[in-house]
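Visitor: Sharing a structure, written as structure tokens. Questions coming.
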Amino acid sequence: MAGDRFPVEATHIMMFARSVADDNQIYYDEDYAKTTEVGHIIAPPTFVQSSAQFNPNYFLRPKVGQPWFGSGKEPTGVKRDAGGGGGGGGGGLHAEQHYEYHRHPKPGDVLTVTVRPGKTWEKEGKRSGKLVFSETITEYRDQNGELVVTARGVGVRTERPVDQK
Amino acid sequence: MALKASQLKVGDTYTECLVEDLKRTQLVMYAGTSGDYNPLHTDEIFTTKVAGYPSVFAHGMLTMGMTGRMLTNYVGDGRLTKYGVRFTSQVWPGDTLHSTATVESVEDGIVNLKVETRNQNDAVVLSGYAAARVDS
């Protein structure tokens, strides 16, 4: 499977760090970063999740000229069960996420992202009906073909929205 | 500011407040940088009227990202070798979160940590583990 090209950029790292409420200078201040053990700006631990930005077909991003299931004139822009992921009456939620760091990405890296499916399993949930879990393994390799981060995500589709008690 | 193996004991803990009164705008910021524009996180009308939830709720990965700040503040920058979590309960606007790392073992220059993030009602919203390189 051809991987998406994920250029790691300093501005994206700065904005990502802000979005997870992390004001550590190593994520935006090059002069400060030079004085640290690492010696340069690095990406926060969960930054590679933003490779979704570089997946041209990512299903949770509105695309020009295509229906979008979020609200506009109406509470949803698509007919029932036309929307992908997290749509009406339950849908997809993120259950687990695991990272193994071979090193931490830095500005200038150009990562190649390859995704392969893992296991699938089912469970009966008290608060949301039948749960279907599916695993995805994502490898992020750098411009030299070296593995940088290995990620394993588990998504769950629920029969109905999770009860809030 | 890296940790030293000789100064760590099993059961040591480190806690940080991740956020007080989580704002919807923070969810918008996370959607914008991560690229996950699922309306469940930013679109109150869709989420309440179509998806059937009481309000928008945080991306699990936002909680994992904020918990990551607690970890890197504790173990030092660039030191994490593993970090994994389960999302055990949803996080809502208005929530206040605290996160704790607990030392489970220290061996071969690696500290293994248990990681837990709780909300203002003491419910666990994220539970997991991390490993990091430490100095001798």
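Visitor: Can you name the condition, by its number, that residue A:107 falls short on among (1) more than 17 Å from the chain's Cα centre (by Cα); (2) modelled with pLDDT under 95; (3) away from chain B (no Cβ under 13 Å)?
Guide: Of everything listed in (1) more than 17 Å from the chain's Cα centre (by Cα); (2) modelled with pLDDT under 95; (3) away from chain B (no Cβ under 13 Å), residue A:107 misses just condition (2).
Visitor: Follow-up. Just for segment A:40-58: of the residues that are more than 9 Å from every other protein chain (Cβ to nearest Cβ) and not polar (S, T, N, Q), which one is surrounded by the fewest Cβ atoms within 10 Å (Cβ to Cβ)? Walk me through it before giving the result.
Guide: Residues of segment A:40-58 more than 9 Å from every other protein chain (Cβ to nearest Cβ): A:40-41, A:43, A:48, A:56-57.
After this cut, where a residue has to be not polar (S, T, N, Q) as well, the list is A:40-41, A:43, A:48, A:56.
Details: A:40: 15, A:41: 26, A:43: 24, A:48: 24, A:56: 7.
Filtering first and then ranking leaves A:56.
Visitor: Got at least one residue in segment B:107-114 being within 13 Å of chain A (Cβ to nearest Cβ), touching a residue at least 12 places away in the same chain (Cβ under 8 Å) and under 11 Å from the mean Cα position of the chain (by Cα)? Full working, then the answer.
Guide: First pass over segment B:107-114, keeping only residues within 13 Å of chain A (Cβ to nearest Cβ): B:110, B:113.
Keeping just the survivors that are touching a residue at least 12 places away in the same chain (Cβ under 8 Å) gives B:110, B:113.
Checking the rest, the ones that are also under 11 Å from the mean Cα position of the chain (by Cα) come to none.
For segment B:107-114, residues within 13 Å of chain A (Cβ to nearest Cβ), touching a residue at least 12 places away in the same chain (Cβ under 8 Å) and under 11 Å from the mean Cα position of the chain (by Cα): absent.
Visitor: Considering B:87, B:57, which residue is under 16 Å from residue A:94 (Cα atoms) and either among the aliphatic types (A, V, I, L, M) or more than 7 Å from every other protein chain (Cβ to nearest Cβ) (or both)?
Guide: On the way: B:87 fails: either among the aliphatic types (A, V, I, L, M) or more than 7 Å from every other protein chain (Cβ to nearest Cβ) (or both).
After ruling out the rest, the residue left standing is B:57.
Visitor: Restricting to segment B:33-50, and then to whatever is part of a helix (DSSP H, G or I) and at the interface with chain A (Cβ under 7 Å from one of its Cβ atoms), can you tell me which residue is nearest to residue A:15 (Cα to Cα)? Steps first, please.
Guide: Initial filter on segment B:33-50 (part of a helix (DSSP H, G or I)): B:33-34, B:39-41, B:44-50.
Among the residues that remain, those that are also at the interface with chain A (Cβ under 7 Å from one of its Cβ atoms) are: B:33-34, B:39-40, B:45-46, B:49-50.
Working: B:33: 6, B:34: 10, B:39: 20, B:40: 21, B:45: 27, B:46: 26, B:49: 31, B:50: 31 Å.
Here the residue is B:33.
The values are calculated or read from the model by the stated rules, or taken from the named source; none is laboratory data. Computed from a predicted model, the values in this text were never measured in an experiment. Cβ: placed from backbone, ideal geometry, glycine included. Neighbour counts: every protein chain shown.
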